[in-house]
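Below you'll find the structure, written out as structure tokens, and then a few comments.
The values are calculated or read from the model by the stated rules, or taken from the named source; none is laboratory data. Keep in mind it's a predicted model, so treat the numbers as computed, not measured. Cβ placement follows ideal geometry from the backbone for every residue including glycine, while neighbour counts extend to all protein chains displayed. Each accessible area value is taken on the protein alone, full model and side chains, heavy atoms only, with ligands, DNA and RNA left out. Shrake-Rupley method; radii C 1.70, N 1.55, O 1.52, S 1.80 Å.
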Amino acid sequence: MTREHPFVVEPWCLREIGLDLDDLARMESLFAVSNGHIGLRGNLDEGEPSGVPGTYLNGVHERRPLPYAEAGYGFPEDGQTIVNVADGKLLRVLVDDEPLDVRYGELHQHERILDFKTGVLSRVVEWTSPAHQRVRIRSWRLVSLTQRAIAAFCMEIEPIDEGARVVVQSGLIANEDVPVATDDPRVAAVLQAPLEHEMSGTHGAFASMVHHTRVSGQRIASAMDHEWSAPNRVSADSKANEEWARTTLSTRLKPGETLRVVKYVAYGWSHQRSAPALRDQVAAALTAARDTGWEGLLAEQAEYLADFWDRADVIVTGDPEMQQAVRFALFHVLQSSARAERRSVPAKGLTGPGYDGHCFWDSETFVLPVLSHTVPEAAADALRWRHSTLDVARERARQLGLAGAAFPWRTIDGAECSGYWPAGTAAFHINADIAHAVVHHIHSTGDLAFEREVGLELLVETARLWRSLGSHDRHGRFRIDGVTGPDEYSAIADNNIFTNLMAANNLRAAAEAATRHHRQATDLGVDAEEAASWRDAATAMLIPYDEELGVHPQSEGFTDLAVWDFEATAPEQRPLFLHFPYFDIYRKQVLKQADLVLAIQMCGDNFTPEQKRRDFEYYEALTVRDSSLSSCTQAVVAAEVGHLGLAYDYASEAAFMDLHDIARNTGDGLHMASLAGAWIALVQGFGGLRDDGEMRFSPSLPDGLDGLSFGLLRERVRLRVSVTPTSATYTATGGDLTLHHYGEQVDLTDGEAVRMRIDRPPKLDRPRQPAGCEPQQRHEMVSGTASLADD
């Protein structure tokens, strides 16, 4: 193990042995626990030292002004920043009046384990105080996947050599200081003391507090209660003021005796409910949690996760580190969304303050497809959240002089928060990304009630946006000009192919849904003429093509631009946007992330196999991957066109984005889209899954992988796909299922396993990447892992 990769390679957990005080922030992100409603960073139980303290509630934020050197019509006036709410993780330990602080005394043992099967973060500490008292402390932490408002903690303290007076101070602390360790502009803006006190109180070992945010007006309640056991009498005392509540427990222990403390914490928030109502709400949640008990919460968590892994597990044979990484990824994607319940899936989940806690297009493009196949109710809730923001999106479209709804580039509550038009509002493809997620979810679940109640209106309003944003030129072609595609190193372009193809799909899907749900569409004002105009625009959509080069330009005229001088760009000058003016970047052929290649992944029926290969290889030489969103897409398309070794390298980059801190910003929170991308790279890449209403598989494994098995939900049927280098076996459980294997229809009956042959594709010459941007080859990473394991 090294500082870069300090983890034991194990299939079902992430284990850290030792403690690096210079790496606390990254570990706090990796060891975060969440349920999509509550998020707790992996801060130490005692609170200090810390990298970035963090306790988050999905949707809780503060508004802040967005400064502009020059104002402009349509510029958003307010930004939004996630708020660090009252910290209920704190369990400070004092041994004969010496506080546990790993910076002092002697730390003999420190180990943390995030268990993907139990959903519990555990810790073992053996420490000698400066006064020479040696103690062993074990702790466990969970955020309940079954009781949405609850986090729970258990701690056991045991003196080893001599008896000691042990004191535990359990706290709820509001307005913690949050440091900023970087001046990278992507890091969240920090708001000092954002919470204003309304009420607090204690009763026995119970304490509660209610605060509100100053500007956004959100009211937050937090409460805690405790249970304990020890061989001797335990004294208990609780106090609270405006910014903290504290329960103190004290007892005397002999060597080998144990004080066991169980702490239950509940959170709730609302724009509208009164302080007493919220206080009572969290008190009721605590009553239910105490009734369940610590052991009961553990059992509920394990049962929930057992069912999740039964339907969703990805099994990788031949690469143990990749196996660990993909389960880590799936676990955190689940944590980001399982109980969000009509809230967004932020780009960092609830693991850190990065990107101000905002939700972007990557939620619908990368995270929701994974959820629709594995936790469909979570995907539906995320789309219901988008639906709940339609009025705000309609108002934004009206402000921009457009019809329909213009969804925000980045947001927490649905209002646009991007202060930079070219890489924000101009990226109108967010609207088609949402529509794509709706269509994919309906294909995956068959939920026509969801389509009727939620999906239809989202499809209609986004289709109206495209019809008003684009126009027919004198040749009858439908153009969408002046927009920004997924690649943020190109802006305000005409006829970006990803945008145009996704918009065309959006327009067709809206027309088809309006036909299926005619009465509801009529209620939304859709008539036959409007639906026909959507179909006409989709059919006439302009898709540029460079006949001379034999490739699709990312957008009209893109292949005529000068190519960026990659040879003259030093490694320390990446990411480019922190070292070069956007004016220079925008005028060159250089890609921050996959754009045209993402169009191949998501709209593949619009390209021939030869076009896919030529396009992929052309853009491979221009893509610097300054975005964590790119690797999984390059993996999927590399696998499809036959570059399996390169696909493996990119799949690894997606999977290890946070575990290896590839972007050097994991300390601000995990990259949810890249974590979802690990699943996408394996399932869509090497599993060859495409889903256009029918599931189609074209599986093929790279050298280095002996097998791949993954689970999917299709409506209520559980499908298990098991791939070897020479065959694929499909098994359906819970009903019959039809799919396609390399174009051949396969009809599965409930419980039946069907094995199909795989022919190895011919090996191709590896395409080149920009100088200094080559992905690390996976076989080199595997060799390094093996040598570390031998040590």
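Between Gln776 and Glu156, full extension at 0.36 nm per residue minus the direct alpha carbon distance yields a gain of 218.9 nm. Full extension of the chain segment joining Glu752 with Arg273 gains 167.2 nm, where the gain is 0.36 nm per residue of separation less the Cα-Cα distance.
Projected over all directions and averaged, the alpha-carbon convex hull of the chain occupies 33.8 nm². Farthest towards the positive end of the charge dipole of region 181-287, among the residues Asn232, Val265, Leu249, is the Cα of Asn232, using unit charges on the Cβ of Lys, Arg, Asp and Glu.
Applying both filters, DSSP loop and at most 12 other Cβ atoms within 10 Å, to the trypsin sites (Lys or Arg not before Pro) of region 686-752 gives Arg716.
Structure note, pairs Lys348/Lys763; Lys117/Lys763; Lys592/Lys763; Lys117/Lys254: Cα-Cα distances above 32 angstrom occur for Lys348/Lys763; Lys117/Lys763; Lys117/Lys254.
The alpha carbon radius of gyration of region 136-277, expressed as a multiple of 2.2 N^0.38 Å, is 1.25. Of all lysines in the structure, those lying under 25 Å Cα to Cα from Lys588, and not within fewer than 8 positions of it along the same chain, are Lys612. Summed over qualifying helices (DSSP H, 4 residues or more, each -39500 (n - 2.57)) and divided by its residue number, the chain shows a 222 nm mean residue ellipticity of -9500 deg cm²/dmol.
When each of the peptides 331-343, 741-753 is scored by the mean number of other C-beta atoms lying within 10 Å of its residues, the order from highest to lowest reads 331-343, 741-753. With contacts taken as Cα pairs under 8 Å at a separation of at least 6 residues, the chain carries a relative contact order of 12 percent.
Oblate is the label for region 465-512, because the ratio a/c of its alpha-carbon gyration tensor axes (a ≥ b ≥ c) is 1.5 or higher and a/b is not greater than b/c. Per-residue packing, averaged as other Cβ atoms within 10 Å, sorts the ranges 632-639, 679-686, 488-495 into the order 632-639, 679-686, 488-495, beginning with the highest.
Protection proxy ranking of 198-210, 648-660, 562-574, by the mean of other Cβ atoms within 10 Å over each peptide's residues and highest first, is 648-660, 198-210, 562-574.
Between Ala403 and Lys254, the distance separating the two model label sites (each 7 Å from Cα on the Cα→Cβ line) works out to 8.4 nm. With everything on Cα atoms, drop me the angle between helix 390-399 and the longest principal axis of the chain, reported from 0 to 90° to the nearest 10. Once rounded, one gets 50 degrees.
Averaging 1/r across all pairs of distinct Cα atoms in region 552-683 and inverting the result yields a Kirkwood radius of 15.4 Å. By how many degrees, between 0 and 90 and to the nearest 10, does the Cα long axis of helix 630-641 differ from the longest principal axis of the chain? Approximately 50 degrees, to the nearest 10. Based on alpha carbons, the Rg and Dmax found for region 470-546 are 14.2, 44 Å.
For the chain, the dipole from Cβ point charges (+1 on Lys and Arg, -1 on Asp and Glu) about the Cα centre works out to 1380 debye, to the nearest 20.
Using a probe of 1.4 Å, the accessible surface attributed to Lys89 totals some 0 Å² when neighbouring protein chains are kept in position.
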